[in-house]
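Nothing in this text is a laboratory measurement; each read-out follows from the coordinates by a stated rule. As the structure is a prediction and not an experimental result, all values here were calculated from the model. Every residue, glycine as well, gets a Cβ built from its backbone with ideal geometry; the counts of neighbours run over all protein chains shown.
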Amino acid sequence: MVSQKTEAIKQTNKMQKQETVYANGFIGKKFEKDPDFIVVRLSIAKDDAIAFINKHANADGWVNLEVKKGREAGKFNVTLNTYQGGKTEYKKPARKFEPTDELEF
């Protein structure tokens, strides 16, 4: 039986082996003068971005992107998030409550 930790490591290794797809038409920058509430400035080249979106949209019409710190200060890379995990359904554990006349203090 494979442990959950081993399975998670395998999944991480699999994700790391995938080729990075840079999002054409998307550029992220941060300037020293920017206030703290600006995380990153995105510049989008309309024609390149539309072509990229049309090429990489999933079955539901979504394109998932990641903004990552670049090697140079203030520069960011915008890449395609290619993770396609299955939907997991969270099941809340059943609580066992037995009413009693006694109160514990």
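A few comments on the model shown:
- Rg [Å, one decimal], Dmax [Å, integer] - the range 15-80, C-alpha atoms: 13.2, 40
- Summing Lys and Arg as +1 and Asp and Glu as -1 over all other residues whose Cβ lies under 14 Å from the Cβ of Asp34 gives a net charge of +3.
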